[in-house]
Amino acid sequence: MFTKSEIMVVAKTLSQRRDWLQKNISNPEFAANKQQNEQTLDLIESSLAKLTLLNKSLQVIPETSQKPIKLSTTEKRAQMEPRRINVLIVDDDELIASLMKALLQSVGVTQVDIAADGLQGISMLYDANPVYDLVLCDWNMPIKNGLDVHNAMRAAERYMDTCFILVTAVTEAKQIRSAIEEGVDDYIVKPIEEHTTIKKIARHFPKIPIPAETNEEPKSDNA
């Protein structure tokens with residue numbers, strides 16, 4: 001069974017081939033293949049006639065029953081409820097990792113795993129099923145740093161849509177820009193501040209609620 005679009009494409013292709021043969025069949029350069037070209041013309045005409053009948057009499061699959069249009073990465077994230085977001089925190093500082101997990105849980109993100117270092121983070125990324133939707137990763141770690149984790153993750157095709165955010169004390173613009181150019185989605189500057197951190201994450205997952213700012217002295221968001 002075919003859709004109307006598929007029938008139209010096939011018919012158009014055959015028509016173009018037929019027109020070209022009709023135009024060139026008498027060309028001396030194609031004299032040796034004239035008989036074969038004539039047979040091809042007959043087959044094309046027969047096929048076009050059958051396609052016309054098919055389009056009129058056979059049940060054509062409605063366009064709406066075709067495979068759904070694949071959503072873009074941004075569209076997928078925009079539709080994700082907090083409780084559905086699968087998160088991996090990679091940090092060798094247990095206190096910071098626990099704080100990040102608590103912040104996420106406070107806004108409804110409950111599926112949160114923690115890796116104690118970059119090497120363990122890479123292992124957990126490869127073993128995960130389903131994949132992680134968000135990775136919050138410390139930059140400066142021994143053995144495997146944040147960019148090592150990022151590059152290992154992106155090497156796996158199934159992680160191409162995953163949001164990767166560096167959590168770092170690095171504030172130098174050149175280094176940050178270099179990380180973004182490598183494909184890192186965003187960064188969060190230490191020390192961790194609740195409102196700024198959740199606001200950063202919510203940029204990529206809009207259904208995450210942003211808590212109200214406290215009455216403490218405001219801190220600038222340099223992203």
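The values are calculated or read from the model by the stated rules, or taken from the named source; none is laboratory data. Quick caveat, the model's predicted, so the values are computed rather than measured. Methodologically, a virtual Cβ is constructed for each residue, glycine included, from the backbone with ideal geometry; neighbour enumeration extends over all protein chains shown.
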(request) Pull up segment 160-209, narrow it to residues that are over 16 Å from Ile96 (Cα atoms) and of a type in the set (Ser, Thr, Tyr), then point me to the one that is modelled with the highest pLDDT. (result) Thr162
(request) Could you list, in sequence order, all residues of segment 72-89 that are under 17 Å from Leu136 (Cα atoms) and part of a helix (DSSP H, G or I)? (result) Arg77, Pro82, Arg83, Arg84
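Please find, among Asp138, Asp148, the residue that is over 20 Å from Met80 (Cβ atoms), surrounded by fewer than 18 Cβ atoms within 10 Å (Cβ to Cβ) and in the same structural domain as Leu88 (by TED's automatic domain parsing).
Residue meeting the stated conditions: Asp148.
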(request) Select, from Glu172, Glu157, the only residue that is out of contact with any strand residue (DSSP E or B) (no Cβ under 8 Å at 6 or more places or on another chain), among the acidic types (Asp, Glu) and closer than 26 Å to His195 by Cβ. (result) Glu172
(request) Output the residues belonging to segment 187-200 that are surrounded by fewer than 17 Cβ atoms within 10 Å (Cβ to Cβ) and without any contact (Cβ under 8 Å) to a residue 40 or more places away in the chain. (result) Pro191
(request) Run down Glu157, Glu182, Glu172, Glu81 and say which single residue is in contact (Cβ under 8 Å) with a residue 40 or more places away in the chain and either in contact with a helix residue (DSSP H, G or I) (Cβ under 6 Å, 6 or more places away or on another chain) or surrounded by fewer than 18 Cβ atoms within 10 Å (Cβ to Cβ) (or both). (result) Glu81
